[in-house]
Amino acid sequence: MKMLLNVVEIEKYYGTRNNLKKALDRVSFSVNSGDFVSIMGASGSGKTTLLNCISTIDSVSSGHIYLGEQDLTTISSAKMAAFRRENLGFIFQDFNLLEPLTIEENISLPLSIKGIQGKEIEKIVKRLMQRLNISDIAGKLPAHVSGGQKQRCACARAFVNNPKLILADEPTGALDSASAKQLLSMLAELNEQDRSTILMVTHDPFSASFGNRVLFIKDGNLKKEIDKGQHNRNDFYQTILSEISAFGGE
Ligand code: ADP
Ligand code: MG
């Protein structure tokens with residue numbers, strides 16, 4: 001397995017000199033190409049901060065983050081937007097779709113920006129919409145579809161460019177349990193079939209069980225890591241639950 005993401009001793013402080021809050025405390029881990037990794041922890045433990053540092057939305061106070069050969073902590077702000085667009089895909093809890101655009105247009109956007117030809121875009125987007133079971137709502141506006149459909153659209157938009165790394169922050173946070181399960185199954189399928197690499201923040205053990213590794217974070221520290229190994233999803237779910245109770249619950 002080839003290492004894709006290498007997080008080395010990152011620290012993140014918020015606030016001012018007299019009122020300093022350490023959100024991340026020398027966090028190190030790596031993610032191999034093709035991994036589906038969940039980051040779990042209670043509210044306020046630093047999950048979003050960690051994801052935002054990796055996505056270059058936020059900057060670290062110290063340490064390094066490598067995506068392939070590129071150190072994300074030293075990339076110039078002039079190159080940042082292009083780097084993000086070419087290498088990263090995002091899925092947020094609240095979908096972040098462009099409301100005036102149709103579902104199909106939302107998914108097409110990253111390819112249009114890249115300058116890919118219209119016919120080619122249509123082919124790629126149609127295929128992806130089929131896989132995510134949203135072909136029937138292609139022409140609708142986000143306001144006219146369900147939360148589950150919106151998130152599958154956001155998922156298609158994140159994957160359409162074949163980014164090196166997909167970053168998802170509580171992607172099932174706003175979904176009912178049936179839609180959540182559907183989305184997670186599709187993420188797991190995209191991970192398995194296309195060898196996409198996914199880093200997902202969640203506080204939900206059921207969601208985490210769809211990946212193949214879980215990192216536990218508490219008070220900005222990485223406390224423990226578990227691997228699915230050869231176990232099935234339900235066994236992995238039970239293991240995650242017992243780890244959480246070993247921590248004294250969330
Ligand atoms: P999580 O996503 O696990 O709930 P966060 O990463 O959002 O946790 O927050 C970690 C800690 O950092 C919390 O104590 C939070 O209050 C603090 N924090 C996060 N963002 C900011 C910010 N922009 N300014 C000050 N403190 C922040
Ligand atoms: Mg958060």
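The residue that is nearest to K218 (Cα to Cα), among those in the range 9-21 that are over 23 Å from the mean Cα position of the chain (by Cα) and among the basic types (K, R), is K21. Exactly one residue out of A168, A156 is out of contact with any His (no Cβ under 6 Å at 6 or more places or on another chain), free of Cβ contacts under 8 Å to residues at least 60 places away in the same chain and closer than 22 Å to I57 by Cβ: that is A156.
Restrict the check to the range 203-213 and report whether at least one residue is at pLDDT 95 or above, under 15 Å from the mean Cα position of the chain (by Cα), aromatic (F, W, Y) and under 25 Å from L111 (Cβ atoms). Checked the range 203-213: no residue is at pLDDT 95 or above, under 15 Å from the mean Cα position of the chain (by Cα), aromatic (F, W, Y) and under 25 Å from L111 (Cβ atoms). Within the range 37-64, the set of residues being in contact with a helix residue (DSSP H, G or I) (Cβ under 8 Å, 6 or more places away or on another chain), at pLDDT below 95 and under 27 Å from A246 (Cβ atoms) comprises G41 only. None of R26, R17 is within 16 Å of ligand 1 (Cβ to nearest atom), on the phi > 0 side of the Ramachandran plot and not polar (S, T, N, Q) except R26. Among all residues of the range 134-143, there is none that is modelled with pLDDT of 95 or more, hydroxyl-bearing (S, T, Y) and within 24 Å of L5 (Cα to Cα). Are any residues in the range 32-51 under 15 Å from I10 (Cα atoms) and either more than 8 Å from ligand 1 (Cβ to nearest atom) or not β-branched (V, I, T) (or both), and if so, which ones? Those that are under 15 Å from I10 (Cα atoms) and either more than 8 Å from ligand 1 (Cβ to nearest atom) or not β-branched (V, I, T) (or both): S45, G46, K47, L50, L51. Can you tell me which residue is surrounded by the most Cβ atoms within 10 Å (Cβ to Cβ) among those in the range 63-94 that are within 16 Å of ligand 1 (Cβ to nearest atom) and within 20 Å of R26 (Cβ to Cβ)? Looking at the filtered set, the residue picked out is I65. Among the residues in the range 85-100, are any part of a helix (DSSP H, G or I) and farther than 18 Å from D169 by Cα? Yes, the range 85-100 contains at least one residue that is part of a helix (DSSP H, G or I) and farther than 18 Å from D169 by Cα.
Against the definition (more than 13 Å from ligand 1 (Cβ to nearest atom), buried (at least 17 other Cβ atoms within 10 Å of the Cβ) and β-branched (V, I, T)), how does V201 come out, yes or no? Spelling it out, it is not the case that V201 is more than 13 Å from ligand 1 (Cβ to nearest atom), buried (at least 17 other Cβ atoms within 10 Å of the Cβ) and β-branched (V, I, T).
Among the residues of the range 226-250, how many are within 25 Å of E11 (Cβ to Cβ) and at pLDDT 95 or above? The total comes to 1. Return a yes/no flag: does the range 179-195 have any residue that is buried (at least 19 other Cβ atoms within 10 Å of the Cβ), within 16 Å of ligand 2 (Cβ to nearest atom) and of a type in the set (A, V, I, L, M). The answer is no, given that none of the residues of the range 179-195 is buried (at least 19 other Cβ atoms within 10 Å of the Cβ), within 16 Å of ligand 2 (Cβ to nearest atom) and of a type in the set (A, V, I, L, M). Whenever a residue of the range 104-119 is in a helix (DSSP H, G or I), its partners that are surrounded by fewer than 12 Cβ atoms within 10 Å (Cβ to Cβ), lying with C-beta atoms within less than 8 angstrom and at least six residues away or across chains, give the pairs E104/G139; L111/E120. When you scan the range 16-25, do you find a residue that is exposed (fewer than 15 other Cβ atoms within 10 Å of the Cβ) and of a type in the set (A, V, I, L, M, F, W, C), even just one? For the range 16-25, residues exposed (fewer than 15 other Cβ atoms within 10 Å of the Cβ) and of a type in the set (A, V, I, L, M, F, W, C): present. S59 falls short on exactly one of the conditions (1) free of Cβ contacts under 8 Å to residues at least 40 places away in the same chain; (2) of a type outside the set (A, V, I, L, M, F, W, C); (3) within 28 Å of E192 (Cα to Cα), and that condition is (3). Taking the criterion of being under 19 Å from L184 (Cβ atoms) and either free of Cβ contacts under 8 Å to residues at least 40 places away in the same chain or basic (K, R) (or both), the residues of the range 205-225 that qualify are F206, S209, R213.
The values are calculated or read from the model by the stated rules, or taken from the named source; none is laboratory data. Everything numeric here is computed off the predicted structure, so don't read it as measured data. A quick note on method: Cβ atoms are made from the backbone with ideal geometry, for glycine too, and the neighbour counts reach across all protein chains shown.
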